Structure formats: structure tokens, C-alpha cells
1. Identify all residues within the range 31-50 that are closer than 23 Å to Lys106 by Cβ, within 12 Å of the ligand (Cβ to nearest atom) and not polar (S, T, N, Q); write none if there are none.
2. Which members of the range 58-96 meet the condition of being more than 10 Å from the ligand (Cβ to nearest atom), assigned to a loop (DSSP other than H, G, I, E, B) and in contact with a Ser or Thr (Cβ under 9 Å, 6 or more places away or on another chain)?
3. Working only within the range 97-113, note down all residues that are free of Cβ contacts under 8 Å to residues at least 40 places away in the same chain and in a loop (DSSP other than H, G, I, E, B).
4. From the set of residues in the range 82-104 that are polar (S, T, N, Q) and modelled with pLDDT under 95, which is surrounded by the most Cβ atoms within 10 Å (Cβ to Cβ)?
5. If you go through the range 20-47 one residue at a time, how many are without any contact (Cβ under 8 Å) to a residue 60 or more places away in the chain and either in contact with a helix residue (DSSP H, G or I) (Cβ under 8 Å, 6 or more places away or on another chain) or surrounded by 14 or more Cβ atoms within 10 Å (Cβ to Cβ) (or both)?
6. From the list Arg67, Arg17, which residue is touching a residue at least 12 places away in the same chain (Cβ under 8 Å), in contact with a helix residue (DSSP H, G or I) (Cβ under 8 Å, 6 or more places away or on another chain) and basic (Lys, Arg)?
7. Evaluate the following for Thr107: is it among the hydroxyl-bearing types (Ser, Thr, Tyr), more than 16 Å from Val19 (Cα to Cα) and surrounded by fewer than 21 Cβ atoms within 10 Å (Cβ to Cβ)?
8. List pairs: first residue in the range 51-63 and under 18 Å from Gly88 (Cα atoms) and of a type in the set (Phe, Trp, Tyr), second residue modelled with pLDDT of 95 or more and in a loop (DSSP other than H, G, I, E, B) anywhere in the structure, Cβ distance under 6 angstrom, at least six positions apart or on different chains.
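The values are calculated or read from the model by the stated rules, or taken from the named source; none is laboratory data. Just so you know, these numbers come straight off a predicted model, no measurement behind them. Counting neighbours? That spans all protein chains shown, and the Cβs are built from the backbone with ideal geometry, glycine included.
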Amino acid sequence: MSWTNVLAASELPEGARKVVKVADQKVLLIHHEGKIHAVANSCPHLKLPMKSGKINENGELVCPFHRSAFNLCTGKASTWTPFPPVIGNIMGKLSAEQDLPVFSTKTENGEIWVEA
Ligand code: FES
């Protein structure tokens, strides 16, 4: 694992998101409530992009497709494919629940770094 300079901090104001490439992976940066989070931009369910997922009241990033929810800090899944009703639950049983990969971040001299 090594640190990669991905972006100037000024390019990611509070509430902003951006997908960057780190070590051949697409990483989603989210500036949420004063903290820069870095998570895989690929949902562990069907590898679909997470970029447009909403953040719920528990601080979890919710996949825009089948609404699995992942803790932004740890990536831990709290809900696995609950949507659409009935079909989502059946789909969820076909694949093992997985967490969303998360990456460490730091900001130094106005630059955002991601460890991957
Ligand atoms: S692709 Fe994310 S929950 Fe299905």
C-alpha cells in the first residue's frame, strides 16, 4: 500500500464527490460533514457505480441500485439488497453480503492523498 496524491482539497468542497483512479481502482471521494471519505466506486453486489448513492441519516452510503447501505468510515454493510421489495431480498440471498472497500485519506499542504 502506498499514498497517492489525487486532488487539490479546493476541488472537493463540503458535500462534493469525485471519482479518481488510485492503483488501477476507481475510488469515490466524498467530502461529508468535514471529513474526506474514500470508498470503492464499485458496489460489492453487482459492481455498479456508487457515485450517485445517497447518504442516509446513519451516515451510510446507499447503493443507488438495490439500496445496500455501507458505513462511510468502515465500509461495513448494514443492509444488503433490500430493493426492489421481494425481488431484492431474493437477489440478496444469491450473493454473500460483502462490505464496501474503504481507503485511508489525508490532507497535506492543500492536497488530498489516498492510501491504496
Ligand atoms: S448493485 Fe449495489 S446493491 Fe446491487
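1. Answer for the range 31-50, where residues must be closer than 23 Å to Lys106 by Cβ, within 12 Å of the ligand (Cβ to nearest atom) and not polar (S, T, N, Q): Ala40, Met50.
2. The one that is more than 10 Å from the ligand (Cβ to nearest atom), assigned to a loop (DSSP other than H, G, I, E, B) and in contact with a Ser or Thr (Cβ under 9 Å, 6 or more places away or on another chain): Asn58.
3. Scanning the range 97-113 gives Glu97, Asn109.
4. Asn89
5. Residues flagged as without any contact (Cβ under 8 Å) to a residue 60 or more places away in the chain and either in contact with a helix residue (DSSP H, G or I) (Cβ under 8 Å, 6 or more places away or on another chain) or surrounded by 14 or more Cβ atoms within 10 Å (Cβ to Cβ) (or both) within the range 20-47 amount to 10.
6. Result: Arg67 is the single residue among Arg67, Arg17 that is touching a residue at least 12 places away in the same chain (Cβ under 8 Å), in contact with a helix residue (DSSP H, G or I) (Cβ under 8 Å, 6 or more places away or on another chain) and basic (Lys, Arg).
7. Against the criterion (among the hydroxyl-bearing types (Ser, Thr, Tyr), more than 16 Å from Val19 (Cα to Cα) and surrounded by fewer than 21 Cβ atoms within 10 Å (Cβ to Cβ)), Thr107 qualifies.
8. As it stands, the answer is none, since no pair meets every condition given.
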